[in-house]
Structure formats: structure tokens, C-alpha cells
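Structure record follows, encoded as C-alpha cells.
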Amino acid sequence: MILNCQSPVMKVTFLGTNGWYDSVTGNTVSALISAQDFDIILDAGNGIAKADRFISQDKPVFLFISHSHLDHTEGLHTLVKFRFRKGLTICGQVGITNDLAGLLREPYTVPLERVPFAVTVIELADGVHELPFKVTSLPLIHPVPCRGFRFEIDGKVITYCTDTGFCENAVSLAKDADLLITECGLKPGESSPDWPHLNPEDAIRIAKSAGAKRLALTHFGAEVYRTTEERRDLLAKFGPVCPKLVVAEDGMTVSL
Ligand SMILES: [Zn+2]
Ligand SMILES: [Zn+2]
């Protein structure tokens, strides 16, 4: 008998990779971490509606909301289509309960109390939390309060930082991560001091400062990257300085 001593393969699937709005390049932002005992969804842009193509709905599902901007929450109105048989736990910063109650209500959509599975909402203070897995939440730089998350699960570290400009908290969250997922709202060389977002160089600077093993770019500005080819150009430009760089597209899966 051959014993398999390797840790289970963890997968990250990009469900939506746009910032701001849907376009030919994809849906607004959402991603899925498929762990051994849990499915963890990152943000609820319109991409979240595709989650049931990739999960059985037989494991407990966690949904982490970085902030309440609509490109991260507009997909919540599709929750009613799911059948999460082990329930859904929504995690976000302090105040998320109120934000969700304001967003998910009649006459706009089905309130959380009436979706066809159990929902629990947890407000996470900044710092380290022991849910069934370890997660660290810290503030990022954005015009509204926004949090980045570091997940330590199944022997791997995955960090998710969007929306933000360059900041030390992003570096701290990404310390030695197996995969750092950041936004890429801007084109190379661009900046937007009034509304901070990352260009690829800043995202790579966070990854390198943190010693992250792999960087995945998502949340591409819909108005900035108008075609998939414009995104793929980043691979040719930055692949040599950032080995194993991932330029996410809707439906793409990365194994860790
Ligand atoms: Zn955004
Ligand atoms: Zn935002």
C-alpha cells in the first residue's frame, strides 16, 4: 500500500476578475478557495453566481467580503440560487451586518433570512481569528473601509488584498504566502492618488517585500483593461521579474 503523505491539493478558482463592472473580459470580482473541508469564497461580485460550477455545496461555505462597494457585493442577490447544505458563514469587517441588511432587502432582492440555507454573519475585528481555520484581517487603503485577509489552511497560506494602494498591511498579510491575490486596477506606470489602486509594479512590490511565493492579479479595471489580450500582455512584460505570475481570467484555476 502506498501512503500519500502530501498535503491535499488546494485550488483557487477565479469566478470574476473585473473591477467596477462586467464586460467582455469577465464578471465583477469573486474567487473560490477549495480546501479539504471548506469552500471559501472571496468577495461577491457577479462572478459568485458561477460558484456552483466548481463546488458540490456539501461542505460548509465561508464568504469573506473585503468591503461593501458594489463590485464586491452586487452578486449577493444571486445567493438564493444556491443550496449550501452545510450553511453559509459571511465574514466581514465590523459593520458588515448593517451593510448587508441595507443591501439585501425587499423590494430589491431576497433578504438573507429567506435564502434556502442557513446563514451566519460574523463581524471580524482587525487581527487574528481562529474560525475553523486561521484568518487574519487588516485594513487596506481605500476611500471606504476595506480589509485584506490572510488564510492559513491545509498547510498553505493564501492572502487576498483588494481594493488598495500599496501599504504595509498588505505586505504583512502576504508574509511568506504560498499565493498572494491582489487587485490590478491600473495599467503599468499608472497611479491614482485620489482613489488608490494597484498597478502591476506595486502588486509585484508587495509580493516581493513579503516573500510571497506566487502572485495572482485579478480585479482588473473594466475601463482600463478592455480586452483579455491587454491583461495577457502583463505576462510577457512582468513574467521575467515575477516568476509564476498569474494573470487571472474568469474560470481559471490555480493549484497550490
Ligand atoms: Zn473594487
Ligand atoms: Zn472598492
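Just one of the listed residues (F133, F117) is open to solvent by less than 30 Å² (accessible area, probe 1.4 Å), farther than 21 Å from Y160 by Cβ, at pLDDT 95 or above and away from ligand 1 (no atom under 15 Å from the Cβ), and it is F117. Taking the criterion of being open to solvent by 10 Å² or more (accessible area, probe 1.4 Å), assigned to a strand (DSSP E or B) and in contact with a Ser or Thr (Cβ under 9 Å, 6 or more places away or on another chain), the residues of the stretch 143-163 that qualify are R147, R150, E152, K156.
Residue by residue, here is whether (1) over 19 Å from V128 (Cβ atoms); (2) surrounded by 24 or more Cβ atoms within 10 Å (Cβ to Cβ); (3) in contact with a Lys or Arg (Cβ under 9 Å, 6 or more places away or on another chain) holds:
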| residue | (1), (2), (3) |
| --- | --- |
| F166 | yes, no, yes |
| T182 | yes, yes, no |
| R226 | yes, no, no |
| C242 | yes, no, yes |
| L245 | yes, no, yes |
| S255 | yes, no, yes |
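Filtered by the rule that a residue be open to solvent by less than 50 Å² (accessible area, probe 1.4 Å) and within 16 Å of ligand 2 (Cβ to nearest atom), the stretch 184-198 gives C184, G185, L186, S192, P196, H197, L198. From the list A203, A177, the lone residue that is closer than 16 Å to L256 by Cβ, at pLDDT 95 or above and open to solvent by less than 30 Å² (accessible area, probe 1.4 Å) is A177. When F166 is tested against the conditions (1) under 24 Å from E229 (Cα atoms); (2) within 16 Å of ligand 2 (Cβ to nearest atom); (3) of a type outside the set (A, V, I, L, M); (4) in a loop (DSSP other than H, G, I, E, B), the lone failure is (1). Being open to solvent by less than 10 Å² (accessible area, probe 1.4 Å), in contact with an Asp or Glu (Cβ under 7 Å, 6 or more places away or on another chain) and more than 16 Å from ligand 2 (Cβ to nearest atom): is that true of A51 here? So A51 does not fit the description; no.
Cβ-Cβ distances below 6 Å connect no pair with a first residue in the stretch 61-74 that is over 17 Å from T17 (Cβ atoms), a second residue that is among the basic types (K, R), and a separation of six or more residues or different chains.
Only residues that are within 11 Å of D71 (Cα to Cα) and not aromatic (F, W, Y) were counted in the stretch 12-47, giving 14.
Looking only at residues in the stretch 16-35 that are assigned to a loop (DSSP other than H, G, I, E, B) and more than 11 Å from ligand 1 (Cβ to nearest atom), the one that is surrounded by the fewest Cβ atoms within 10 Å (Cβ to Cβ) is V24. If you go through the stretch 61-82 and pick out every residue that is part of a helix (DSSP H, G or I), more than 16 Å from ligand 1 (Cβ to nearest atom) and of a type outside the set (S, T, N, Q), you end up with 4. Contact annotation: residue pairs with Cβ atoms under 8 Å, 6 or more positions apart or on different chains, pairing a residue in the stretch 141-163 that is more than 16 Å from L124 (Cβ to Cβ) with a partner that is among the polar types (S, T, N, Q) and away from ligand 2 (no atom under 11 Å from the Cβ), are D154/S7; D154/Q36; G155/S7; K156/S7; T162/T182; T162/T218.
Per the listing V61, V9, V94, the residue uniquely open to solvent by 10 Å² or more (accessible area, probe 1.4 Å), closer than 24 Å to E113 by Cβ, of a type in the set (A, V, I, L, M, F, W, C) and away from ligand 2 (no atom under 16 Å from the Cβ) is V94. Among the criteria (1) under 19 Å from L179 (Cβ atoms); (2) in a loop (DSSP other than H, G, I, E, B); (3) without any contact (Cβ under 8 Å) to a residue 60 or more places away in the chain, the one D58 does not fulfil is (1).
The values are calculated or read from the model by the stated rules, or taken from the named source; none is laboratory data. Note that the coordinates shown come from a computational prediction; the quantities given were computed from them, not determined experimentally. Ideal geometry is used to build each Cβ from the backbone, glycine not excepted, and the neighbour counts take in all protein chains shown. Accessible surface areas use protein heavy atoms only, side chains included; no ligands, DNA or RNA. Shrake-Rupley method; radii C 1.70, N 1.55, O 1.52, S 1.80 Å.
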